[in-house]
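Some notes on the structure that comes next.
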Amino acid sequence: MEFKEKINEILTRWNPLGVPEHIASDEIISSNEVFVAEIDPVTSKSELLNEFNTKLNFPYFGFNWDALEENLRNLCWIQQKNIFIVHKGLYLPTKDYEIYLSIAKNCAQFWLNYPNEHVLNFDFLHDMRRQIPF
């Protein structure tokens, strides 16, 4: 699948808050405008944190929930404004899943206050029923 088609598919399916006008799916989207981190299937907190560290190339990382949230609220090393975290499979224990969803929600909402800097989006390709509820 071509890059633009892939992003358009994500934009079409990811819409809990509505796709912001500046990244509407009918716009021409290039790799210069969008950063996509495809998170491989994970079954544990440590696998998830390792995936984030690898795919987002964190400049520093303490491999814990606080460090993940801190990095997702910074993102200064990513030049693209629109950032998509695409999960191919998120099979965490319930407690870790709930903690991660809370972090993801908080960080996505945090960036809504700074729309000129970044727009942070999450998508769960593996299971549409488990999209972030916000």
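Within this structure, Ile99 passes the test of being in a helix (DSSP H, G or I), in contact (Cβ under 8 Å) with a residue 24 or more places away in the chain and surrounded by 12 or more Cβ atoms within 10 Å (Cβ to Cβ).
Of the residues that make up segment 92-115, is at least one at pLDDT below 95 and touching a Cys at 6+ places or on another chain (Cβ under 9 Å)? No, every residue in segment 92-115 fails to be at pLDDT below 95 and touching a Cys at 6+ places or on another chain (Cβ under 9 Å).
Which one of Glu33, Glu70, Glu51 is charged (D, E, K, R), surrounded by 13 or more Cβ atoms within 10 Å (Cβ to Cβ) and modelled with pLDDT under 95? None of the other options fit; the residue is Glu33.
Within segment 78-89, can you find the residues that are among the polar types (S, T, N, Q) and either in a helix (DSSP H, G or I) or surrounded by 14 or more Cβ atoms within 10 Å (Cβ to Cβ) (or both)?
Once the filter is applied, which keeps residues that are among the polar types (S, T, N, Q) and either in a helix (DSSP H, G or I) or surrounded by 14 or more Cβ atoms within 10 Å (Cβ to Cβ) (or both), segment 78-89 yields Gln80, Asn82.
Evaluated against (1) among the hydrophobic types (A, V, I, L, M, F, W, C); (2) at pLDDT below 95; (3) within 12 Å of the chain's Cα centre (by Cα); (4) closer than 16 Å to Lys45 by Cα, Ile132 falls short on exactly one condition, (4).
Selection over segment 84-103 of residues that are over 16 Å from the mean Cα position of the chain (by Cα) and of a type in the set (S, T, N, Q) gives a count of 1.
Could you tell me how many of the residues in segment 36-77 are under 22 Å from Gly89 (Cβ atoms), within 12 Å of the chain's Cα centre (by Cα) and in a loop (DSSP other than H, G, I, E, B)? Number satisfying all stated conditions: 0.
When Ile28 is tested against (1) modelled with pLDDT of 85 or more; (2) over 17 Å from Lys105 (Cβ atoms), just one condition goes unmet, and that condition is (1).
The values are calculated or read from the model by the stated rules, or taken from the named source; none is laboratory data. All values reported here derive from a predicted model rather than from experimental measurement. Every residue, glycine among them, receives a Cβ derived from its backbone with ideal geometry; neighbour counts consider all protein chains shown.
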